[in-house]
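Q: First the structure, which I've put down as structure tokens, then a few questions once you've had a look.
The values are calculated or read from the model by the stated rules, or taken from the named source; none is laboratory data. A quick note: this is a predicted structure, and the numbers were derived from the prediction, not measured. Every residue, glycine among them, receives a Cβ derived from its backbone with ideal geometry; neighbour counts consider all protein chains shown.
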Amino acid sequence: MEEPVRADREGGLIPSLAKEIKWLNEHTMQIRLHVTNFHYGQQLSAANVKYSFDEVQKWDAPHPPGTWMNFPEGTTCTIINSNTLLFEFPQADGYSSIMNQMQV
């Protein structure tokens, strides 16, 4: 599955399956998904993203070429509604502090 958010060449977050990315505070990122369908007709939902997140979090190195992209241990993903999720990080980092000031 395509990811909800991608990084651009400068390391900034850009929406992919996400329609909107919003930092609620330095620990919490809200993602609202585009309404789109998979190739077999099922609509993409927050439940699909949460399932993928939960599965990938079980891996030792989900993104081996760029381990800096792995979610820190303790990160949670919560479904708000059918197209909105909250990602809560155990601690703030420099990136979330900057992005909290500049909404994507």
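Q: Of all residues in the stretch 40-71, how many are at pLDDT 80 or above, within 24 Å of LYS19 (Cα to Cα) and not polar (S, T, N, Q)?
A: Residues meeting the conditions: 10.
Q: While we're on this one: Enumerate the pairs (first residue in the stretch 8-33 and farther than 22 Å from SER52 by Cβ; second residue anywhere and assigned to a loop (DSSP other than H, G, I, E, B) and modelled with pLDDT under 90) with beta-carbon separation below 8 Å, excluding pairs fewer than 6 apart on the same chain, so at least 6 apart or on different chains.
A: The qualifying pairs are GLY12/VAL104; GLU26/ALA92.
Q: Specify the residue that is surrounded by the fewest Cβ atoms within 10 Å (Cβ to Cβ); the eligible residues are those in the stretch 72-104 that are acidic (Asp, Glu) and modelled with pLDDT of 80 or more.
A: That would be GLU73.
Q: A further question on this structure: Quick one: in the stretch 1-20, which of the residues that are charged (D, E, K, R) and within 10 Å of the chain's Cα centre (by Cα) is surrounded by the fewest Cβ atoms within 10 Å (Cβ to Cβ)?
A: Per the criteria, the residue is GLU3.
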